[in-house]
Structures are given as C-alpha cells and as structure tokens.
1. What residues have an amide H closer than 5 Å to that of residue 82, excluding those fewer than 5 places away on the same chain, when H is modeled at 1.01 Å from N in the peptide plane?
2. If the reach is capped at under 20 angstrom between alpha carbons, list the aspartates and glutamates near residue 178, excluding any in the same chain fewer than eight residues apart.
3. On full extension of the chain, what length is gained from residue 111 through residue 157, given 0.36 nm per residue of separation minus the C-alpha to C-alpha distance?
4. Multiply the residue gap between residue 2 and residue 25 by 0.36 nm, knock off their C-alpha separation, and tell me the result in nm, one decimal place.
5. What whole-number value in Å² describes the accessible area per residue of segment 1-65 for a 1.4 Å probe?
6. With 28 Å as the limit, write out which pairs from 38/139; 77/135; 40/135; 60/156; 118/159 have Cα-Cα distances beyond it, or answer none.
7. Among the lysines, which have Cα under 16 Å from the Cα of residue 111 when same-chain residues fewer than 8 positions away are ignored?
8. State, as an integer percentage, the relative contact order of the chain based on alpha-carbon contacts under 8 Å between residues 6 or more apart.
Amino acid sequence: MHKAIYLDRDGTLNVEIMYAHKAEHFKLLPGVIEGLKKLKKEYIFVVITNQSGIGRGIFKEEDMHKFNEKLLSELKKEGIEIKNIYYCPHVEEDLCKCRKPHTKYIKEAEKEFNIDVKNSWVIGDHPHDVEMGIKNGCKSVYLLTGHGSRHLEGLKNSKIEPDFIASNFLDAANFIIKNN
C-alpha cells in the first residue's frame, strides 16, 4: 500500500487567484517544489480541488485542464509526479457528493492507487480540506497561504482540528516528515 499526500490546488500549490483558470496566471507558491521533493521519498501525490468557477460559468473545463497541464508540466520538470487531479466542477448549491469536504475523491484515489489512508495526509488552505481528511481518517495540515489566514478564525471556532497549522508548504512538509 502507498501513503499519499492529498493536496488542494489553489492557495496550496499555486498562488491563489480568484477562480484561477488561465495557464498564463499559473505560479507555484514558494517552498512547494522543495517540500514536494522531500515528501516524494515516502508519499505519492493526488490533487483534490473544488472548481466552482466551472459551475458558475466563469470558465470552461478545458480552461481548467490547461491550467492543470501547466501545473503538472512544471512539477514534472522537477521530477515530481501527481498521480491524478480530481476536481469538482459544481457550486455548493448543487449538493453534489464530489465537492470537498465530501470524501468521494479520497475514496476513489484510495482504490485507484492502493492508498493506506490512515497513514496519509491532507494539505490545504481551507477548513473543508481538513474536514475532508478527518472524515476519511487522514492526518491533516492547514496552510495559512491562499485563503488560510482568512479562514483561520473560523477553523479555530469549529470542531475541525488539523494536526498542524503551517505558515507555508515547506513547513507543512517538514512537519509531516518529522511526524511520519
């Protein structure tokens, strides 16, 4: 069985831009490459992302796919492989089962890649990332990048408790390695 890092996309790996979808706006956050390189020795990577801009008609799925291709290409240049990018194109009002914090995509990845979820981690900048991990028995790191700082007070007032709150991706990676 593989251990995995389930990664949010916007605000976790790449710079958060409202409804990020244009490949030319893609930019990795500082420390992401270094952190992923440290983690890849023991973990596989899967991205799970809510992309409600599709459901809102702000951009098309093909735009998101081009953005994702840019992400995959930049990471591949550094020897980093993302096994799959799972995305929810719906808005919250659709009440779908693929939108985080639902665990549909963690369960799909678990089957597809033979993942040991109990020894896997979720890293994200939104409380729903942490909640998704907790619901599925994963450990979690909440990032203060992206929307993280904005939602921190709400996280603290909720019953959602990450294993660690990190100021950036590299801090998250170092914590995971130390607490492996």
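The values are calculated or read from the model by the stated rules, or taken from the named source; none is laboratory data. Keep in mind that this is a model prediction, so the values were computed, not measured. Side chains included, ligands, DNA and RNA excluded: accessible areas come from the protein's heavy atoms. Shrake-Rupley method; radii C 1.70, N 1.55, O 1.52, S 1.80 Å.
1. Counting only residues 5 or more places away or on other chains, the set is empty.
2. Partners within reach: 34, 42, 116, 161, 163.
3. Values: separation 46, 0.36 × 46 = 16.56 nm, distance 3.37 nm.
Length gained, residue 111 through residue 157: 13.2 nm.
4. Details: separation 23, 0.36 × 23 = 8.28 nm, distance 3.28 nm.
Full-extension gain reported as 5.0 nm.
5. Values: 2990 Å² over 65 residues.
For segment 1-65, the per-residue accessible area is 46 Å².
6. Numbers: 38/139 18 Å; 77/135 34 Å; 40/135 24 Å; 60/156 35 Å; 118/159 20 Å.
Checking Cα-Cα distances, 77/135; 60/156 exceed 28 Å.
7. The qualifying lysines are 3, 83.
8. On the way: 333 pairs, mean separation 49.1, N = 180.
Relative contact order, the chain: 27 percent.
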